[in-house]
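Worksheet: the structure to be examined is printed underneath.
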Amino acid sequence: MSDFLNILTHERRLRANTKELTLAELEDVKAKLDRIIASREEEEAELRKEEEAKRARIEEIKKQMLDAGLDIGDLASELNSSATKSSAAKGRKRTPKPAKYEYVDNGEQKTWTGQGRTPKVIQQAIDKGRSVKEFLIKK
């Protein structure tokens with residue numbers, strides 16, 4: 001795509017690459033480019049219009065805040081305090097589940113809660129026909 005843009009944006013390259021086109025073909029390309037340009041102008045005008053409407057809403061809100069005796073600092077502190085509350089709730093961790101199963105892996109005693117992926121040692125034993133109940137921790 002960059003080769004195309006190099007050709008399109010440099011007059012000498014564009015002239016060299018369109019040398020073999022007939023006048024009718026060039027007129028067709030011109031008409032297509034004109035439609036693309038018109039479409040882009042409409043999009044740009046719509047974006048400017050939306051941006052202006054956004055600025056007008058901001059000014060209206062500023063005026064309402066001034067009339068209510070508030071400033072942006074009041075709003076910012078309120079937003080920060082609510083964000084802190086929600087992040088504090090997310091930061092809490094649950095207590096870990098107690099181990100439910102125990103097994104020996106490479107001579108080392110290990111435990112498993114019964115959640116998540118089954119340990120390889122237990123899975124191999126199950127595959128050989130043993131029951132997971134055999135690994136329950138006896139109290």
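Taken together, the values in this text are just the output of simple stated rules run on the coordinates, not laboratory data. All figures in this text were calculated on a predicted structure; none of them were measured in a lab. Neighbour counts run over all protein chains shown; Cβ positions are idealised from the backbone, glycine included.
In the set (1) surrounded by 10 or more Cβ atoms within 10 Å (Cβ to Cβ); (2) over 30 Å from Ile137 (Cα atoms); (3) β-branched (Val, Ile, Thr), Thr22 fails one condition alone, (1).
Scanning the range 38-55 finds one or more residues that are assigned to a helix (DSSP H, G or I), over 31 Å from the mean Cα position of the chain (by Cα) and within 30 Å of Thr18 (Cβ to Cβ).
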